[in-house]
Amino acid sequence: MAGVLSGLSEDLAAVVAQVGPAVVQVEGRRRMAASGIVWSADGVIVTAHHVLESDDERWVGLPDGRRVEASIVGRDPQTDLAVLRADTGGLAAPSWRDAAGLHVGHIVLALGRPGKTVRATLGVVSALGGAWISPAGGKIEPYLQTDVLMYPGFSGGPLVNASGDVLGLNTSAILRGISMTVPTPTVRSVVDTILAKGRVQRGYLGVGTQPVRLPAAMAQKQGQETAVLLVSVASDGPADKAGLLLGDTVLALDGEQVRTLDDLRTRLSSTAVGDKIQVKLLRGGEVRNIDVTIGEAP
């Protein structure tokens, strides 16, 4: 048994030594510095959006002790990702891997560099699932939760498997009290989009909503018990321009039922800015269909 544990210990230390040089310190807030991951050798770094509180001074601490200034290429608050660019001296990017073959119970490491040296903590994958919408409205796929203890400053650092592959970026800001990882496919999609366009465009209606239960007769007729009530309509927003009103109840978007707020977020996240969609709604006891041109979320 001692030999097995000793071998495991050496293997885990080797993984930290392998991935550690691609983990940098990110100074973008008044409190403790956070972490980032080298995305490419030309100085692109991916980190967590919420750790970049300052738009004026951003610094990156490199494994060799140098401290260099960084610029923000773009942010995506909905997935809590941000892209920086700095003179990293040609640091190599780690190997990124999706969740294929990953199972609940697999050993993982969370790495961070809130100080000058790399730090690590050990845990297991505690939950895996399908695509989901974050509370901020970003589509994240797949759901990846661990029991890894997120020490202060670990946000923006990598989750690593036993082979030294990065499975995603750790963050403490998406779901309070839960160690979440933004998985590789989502990180790759967001980073590629930011590098190409400077931002991630997402569909926007310009409404405030709350779930509502439909009257029994209407629920039976529409085949759904709940829908989404408009409690506010932004002036000059897409919904306002199309004629949607405060008090309208949204039943469906482009033929897909909207029963919950998550349904609405999901439909909007998969709709391109500028697309025209048909909103099926209930107004004054009558069902109406109104075309709305989707705007870009501010």
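The values are calculated or read from the model by the stated rules, or taken from the named source; none is laboratory data. Everything numeric here is computed off the predicted structure, so don't read it as measured data. All Cβ positions, glycine included, derive from the backbone under ideal geometry; neighbour counts span all protein chains shown. Ligands, DNA and RNA are excluded from the accessible area calculation, which covers all protein heavy atoms including side chains. Shrake-Rupley method; radii C 1.70, N 1.55, O 1.52, S 1.80 Å.
Using Cα-Cα distances under 8 Å and only pairs 6 or more residues apart, what relative contact order does the range 169-270 have, in percent?
So the answer I get is 21 percent.
What is the calculated FRET efficiency for SER126 to SER95, with r their C-beta to C-beta distance and R₀ = 25 Å, to the nearest 0.05? Don't jump to the answer; show the numbers that get you there.
Working: r = 23 Å, r/R0 = 0.93.
The value I calculate is 0.60.
In deg cm²/dmol and to the nearest 500, what is the mean residue ellipticity at 222 nm of the chain if only DSSP H runs of at least 4 residues count, each as -39500 (n - 2.57), divided by the residue total?
-5500 deg cm²/dmol
In terms of modelled amide H atoms, which long-range or inter-chain residues lie less than 5 Å from the amide H of LEU251?
So LEU251 has HN proximity to LYS280, LEU281, LEU282.
Place a label point 7 angstrom from the Cα of LEU246 along the Cα-to-Cβ direction, then list the residues of the range 188-220 whose backbone nitrogen is under 16 Å away.
Those under the cut-off are 206-210.
Just to confirm a number: summing +1 for Lys and Arg and -1 for Asp and Glu over residues other than ALA219 whose beta-carbon lies under 9 angstrom from that of ALA219, what do you get?
Overall, the nearby charge balance is +1.
Leaving ligands, DNA and RNA out of it, work out the accessible area of TRP132 with a 1.4 Å probe and give it in Å² to the nearest 10.
Only protein atoms counted, so the area is about 40 Å².
If you only keep lysine pairs separated by 8 or more in sequence, or across chains, how many in the chain come under 30 Å at the Cα atoms?
Count of close lysine pairs: 11.
Looking only at GLY101, GLY237, GLY115, which one moves most when the chain is put into a Gaussian network model with springs between Cα atoms under 10 Å?
Largest GNM mean-square fluctuation: GLY101.
What distance in nm separates the simple spin-label points at ASN289 and GLU256, each placed 7 Å from Cα in the Cβ direction?
In this crude label model, ASN289 to GLU256 measures out at 1.8 nm.
Scan the chain and hand back the longest stretch that contains none of the GluC sites (Glu not before Pro) lying in DSSP loops with at most 13 other Cβ atoms within 10 Å.
The longest uninterrupted stretch comes out as 58-224.
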